[in-house]
Every structure is written in structure tokens, then in C-alpha cells.
Amino acid sequence: MPRASELKKGFVVEIDGGVYVVRDIDIRNPSARGASTLYKVRFFNVRDGRKLEQTLKGDDFIKDGNLSRRSVQFSYREGDMITFMDIENYSQYTLSAEVLEDQTDYMTEELEGMIALLVDGEIVGVEMPPNVILEIIDTAPGIKGASASARTKPATLSTGLEVQVPEYLENGEHVKVSTTTGKFVSRA
């Protein structure tokens with residue numbers, strides 16, 4: 001059983017007989033001496049889509065959900081449904097883009113390292129790799145002589161995601177972007 005302080009986005013837990021996925025965690029450190037850190041956790045029910053918010057102390061225990069993980073690859077998108085293919089047995093799993101929320105901004109056909117979260121053989125979520133490589137398709141022209149630590153400019157990437165990149169980067173270049181923060185990491 002994980003403690004509340006060990007929870008991360010995408011963890012699957014069981015609460016009152018229901019299976020929930022951790023959507024977001026807000027950590028609050030009280031200023032009073034001796035006060036414990038509080039974790040405001042937003043959960044998403046995998047069966048009916050209900051949302052649940054709970055405030056937990058760091059040492060509160062949460063029951064693990066019955067979960068299996070499978071390596072998958074992005075296959076195709078049809079309307080608001082996204083299909084993934086299991087890398088080992090080629091079975092397909094379809095999930096609503098609404099469930100994936102902002103993760104779709106990082107998905108490309110050649111993306112590797114995605115893990116499908118399955119509860120009773122049904123896909124409930126996808127874990128993204130920590131970083132993805134995307135191509136810059138629209139940004140202002142690069143400035144000669146711009147240093148690596150200088151100012152940034154907005155850039156639109158191949159998936160439609162907008163990030164701030166250093167001024168020296170140009171259209172057509174590939175960049176590494178963090179899937180947890182949504183920020184530029186490095187040139188790829």
C-alpha cells in the first residue's frame with residue numbers, strides 16, 4: 001500500500017470499492033511547526049468517470065488498485081477516440097481523448113515508451129515517457145549570435161503543443177519536451 005506522499009499522477013488506487021486514477025496532486029506545506037504536509041488529490045473513477053477530491057496527510061495509506069501494465073504504441077485517432085496497439089500481442093485498446101486530457105499533445109506515431117494501464121483487461125489510462133521528441137513547425141526565425149541561455153520565443157510543435165524555446169532554434173529542428181511540465185528540455 002502506498003502512502004499519500006508516494007502518489008504520482010497516473011497511479012491507480014482503490015477507494016470505497018471503486019477503482020480510481022490519480023489525475024492531479026496539489027502539495028500544501030503548512031507554515032505551523034509540527035503540522036504535516038497535506039496532499040490534495042484529484043481522482044478519476046475508471047468505470048463511470050466520476051471525479052473525487054480528497055485531502056490526505058503524507059503518511060496516510062491508500063489501497064493499490066488491481067492494475068496491469070502493458071507496453072503500447074499510438075496507433076490512430078478517430079474522432080475523440082484514440083487507439084493504442086499492444087507491442088507484444090498486437091491487441092488494440094481504445095480510449096477517449098477526454099480521459100487522456102493534455103497527454104494527446106505529446107503523442108506521435110513513432111513515440112515509444114508508453115504504458116497502458118489496464119483494470120480487468122480494460123484500458124483506463126496511459127503513462128507517458130518522461131520526455132518526448134517533437135519537431136518545431138512554426139516559430140520566429142532564429143537569431144544569429146543568440147546564446148544558449150538567452151531569451152526564449154514561442155514555438156508550435158508537430159502535435160500542436162506550444163512551448164517556449166531558445167531564440168536560436170528554427171523551424172524543422174527537433175526538441176525534447178518534458179511530459180510532466182510541458183517545457184522545453186533540450187535540442188534533440
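The values are calculated or read from the model by the stated rules, or taken from the named source; none is laboratory data. Only a predicted model underlies this, so the values are computations on that prediction, with no experimental measurement involved. Virtual Cβ from ideal backbone geometry, glycine too; neighbours counted across all protein chains shown.
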(Q) If I filter region 130-182 down to residues being of a type in the set (Lys, Arg) and farther than 30 Å from Gly10 by Cα, which single residue comes out as modelled with the highest pLDDT? (A) Lys153
Q: Return the total of residues in region 159-183 being more than 16 Å from Asp102 (Cβ to Cβ) and either touching a strand residue (DSSP E or B) at 6+ places or on another chain (Cβ under 8 Å) or of a type in the set (Gly, Ala, Ser) (or both).
A: 12
Q) For region 41-76, how many residues meet the condition of being of a type in the set (Phe, Trp, Tyr) and either modelled with pLDDT under 85 or farther than 22 Å from Pro129 by Cα (or both)? A) 2
Q.
Going by what's in this entry, would Gly125 be described as under 20 Å from Asp24 (Cβ atoms) and in contact with a strand residue (DSSP E or B) (Cβ under 8 Å, 6 or more places away or on another chain)?
A. yes
Q) Are any of the residues in region 6-14 more than 19 Å from the chain's Cα centre (by Cα), over 10 Å from Ile62 (Cβ atoms) and loosely packed, with under 12 Cβ neighbours inside 10 Å? A) no
Q.
Tally up the residues in region 15-37 that are among the hydrophobic types (A, V, I, L, M, F, W, C) and crowded, with 17+ Cβ neighbours inside 10 Å, please.
A. 3
**Q.** Residues (under 17 Å from Asp59 (Cα atoms) and over 14 Å from the mean Cα position of the chain (by Cα)) located in region 15-32
**A.** Ile15, Asp26, Ile27, Arg28, Asn29, Pro30
Q: Sort through Asp86, Asp59, Asp120 and tell me the only one that's loosely packed, with under 12 Cβ neighbours inside 10 Å and either more than 22 Å from Ser5 (Cα to Cα) or of a type in the set (A, V, I, L, M) (or both).
A: Asp120
**Q.** Filter result (in contact (Cβ under 8 Å) with a residue 24 or more places away in the chain and either of a type in the set (A, V, I, L, M) or part of a strand (DSSP E or B) (or both)) within region 25-61
**A.** Tyr39, Val41, Phe43, Phe44, Asn45, Val46, Lys51, Leu52, Gln54, Leu56, Lys57, Phe61
